[in-house]
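Read through the structure below, which is laid out as structure tokens, and then see the notes.
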Amino acid sequence: MALTGYDTMMTCPLIPRVTEKVERGTYIRERVEIQTEPGVIMPIYVLISKEHAGGKRPAVIAPHGHDSGGKITVAGCVEIPGVAERIKSYNYDYGVQFAKEGFAVFCPDARGFGERREWTGQGDDKLFTSTCLQLNQMAYPVGQTVAGMWAWDISRLIDYIQSREDCDPRRIECAGLSGGGLQTLWAAALDSRISCAVISGYFYGYKESLLKLSNNCSCNYVPHLWEYADMGDIAALIAPRPLLIETGTRDPLNGESGLKNVESQYRIVKKAYALLKAKDKLAHDIFEGEHMWHGLEAVPWMKKWLGK
């Protein structure tokens, strides 16, 4: 928490506000705003299936990764140019996939994406770009990081989910691809209210994938982190809660040694789950493919541990 600056974040009233409600075939899409820090607003798309009405549902937080335009791609906003193309390339509409299975789904804009992009001073208004670099450059001097901001915002989103009458406060899952995997990793490690997690396309040894591959987005980098922990150590903090990891065999982010770099971290996590007698709550879905959401085991995994 200290390395990411998570412990410097300021709590405040959520002041939730529903600003839009749209019928989308089998589900309803709400646009909701909450305040995560004083004056810091996070917009969220909430997807609620019309075919699984009634009772308190398990909730899925579905954070997006890069090249997404923020929440719009995960929430399947195909009416926006460019979204359908990205869904096809990355299987990116996993928020919609979860909603169709009866989960209450929350697709937030992370800081630096979508409606939360920073002004760069260069007139850059490209929807699918992010401003993580500007955020981290402003954050470092005050002991904060984008990773810490993202984890904090998901924690505040959990506060909001637990206040809703249609959600079960004890059954909250987090699942995301790439930068959404980053958010899931840190949020689940730092907030035990996340009862189940799926990390896709973001699990490997730091040295190969983030130090040698140094052109990755700045949101990945936390000062001094690698002096203390590798990615497997962070994921070990999720134990003994259920954790599924997805890895594409041809994902270039795996690093120069490929799956070996991924498996080195998975062994660390396996030791933690074995120590806590929870081997059955850890799984690794290795699929033939590149950097994308696989999802074939994710929904059954969530149903197994959360029900629906």
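The values are calculated or read from the model by the stated rules, or taken from the named source; none is laboratory data. In this text the structure is predicted, and so the values were computed from the model without any measurement. Cβ coordinates were reconstructed from backbone atoms using ideal geometry, including for glycine residues, and neighbour counts include every protein chain displayed.
Within the range 62-82, which residues are crowded, with 19+ Cβ neighbours inside 10 Å and over 22 Å from GLY248 (Cα atoms)? Within the range 62-82, GLY69, GLY70, LYS71, ILE72, ALA75, GLY76, CYS77 meet the criteria.
Contact map, the range 101-121: residues that are under 27 Å from ARG57 (Cα atoms) paired with residues that are part of a helix (DSSP H, G or I) and among the small types (Gly, Ala, Ser), Cβ distance under 6 Å, separation 6+ or inter-chain. Pairs shown: VAL105/GLY95; VAL105/ALA99; CYS107/GLY95. Of all residues in the range 22-46, those satisfying the criterion of being farther than 26 Å from CYS12 by Cβ, assigned to a strand (DSSP E or B) and touching a residue at least 40 places away in the same chain (Cβ under 8 Å) are ARG24, TYR27, ARG29. Exactly one residue among SER49, SER68 is hydroxyl-bearing (Ser, Thr, Tyr), within 14 Å of GLN97 (Cα to Cα) and touching a helix residue (DSSP H, G or I) at 6+ places or on another chain (Cβ under 7 Å), and that residue is SER49. Pairs meeting the criteria (first residue in the range 134-157 and over 18 Å from GLN183 (Cα atoms), second residue in a helix (DSSP H, G or I), beta carbons under 8 Å, at least 6 apart or on different chains) are GLN137/SER218; VAL142/THR8; GLY143/THR8. For the range 68-101, taking the residues that are of a type in the set (S, T, N, Q) and in a helix (DSSP H, G or I), the one that is farthest from the chain's Cα centre (by Cα) is identified as SER89. Can you tell me which residue within the range 259-286, out of those that are in contact (Cβ under 8 Å) with a residue 40 or more places away in the chain and part of a helix (DSSP H, G or I), is nearest to LYS304 (Cα to Cα)? Here the residue is LYS281. The residues listed here are GLY55, GLY65; of these, the one that is at positive phi and in a loop (DSSP other than H, G, I, E, B) is GLY55. Can you tell which of SER218, SER178, SER155 is modelled with pLDDT under 95 and either closer than 21 Å to MET292 by Cα or not hydrophobic (A, V, I, L, M, F, W, C) (or both)? After ruling out the rest, the residue left standing is SER218.
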